[in-house]
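Asks: Before I ask anything, here is the structure I am working with.
The values are calculated or read from the model by the stated rules, or taken from the named source; none is laboratory data. This one's a predicted model, so the numbers in the text were calculated from it and none came from an experiment. So basically every Cβ, Gly included, is an ideal-geometry build from the backbone, and we count neighbours across all protein chains shown.
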């Protein structure tokens, strides 16, 4: 027995599958090339970051002023009382 010749729809389907396989291979190649470029850029940026961190670690750290001086200034001020607050509100015209 011999096979009957393929129909037009079968030929069209075969052609679509062939084109899809070719386009898929191209797309995979593009994706792989993009992935390689991304990894290469990440490696370059990592080297730059590590070099910068090494340069910063080699430099002496500047001496910072003591933070306690501000805390002492804030503590030296007396806390406002409720009566002082109410007087200020009344004198400013808010409490009428």
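Asks: Which of the residues that make up the stretch 6-58 are surrounded by 10 or more Cβ atoms within 10 Å (Cβ to Cβ) and not in a helix (DSSP H, G or I)?
Replies: Hit for the stretch 6-58 is 6, nothing else.
Asks: Those residues that are at pLDDT 75 or above and either part of a loop (DSSP other than H, G, I, E, B) or touching a helix residue (DSSP H, G or I) at 6+ places or on another chain (Cβ under 6 Å) (or both), I need them from the stretch 59-96; list them, please. Steps first, answer last, please.
Replies: We begin by selecting, within the stretch 59-96, every residue at pLDDT 75 or above; these are 59-64, 80-93.
Selection gives 59, 60, 61, 62, 63, 64, 80, 81, 92, 93.
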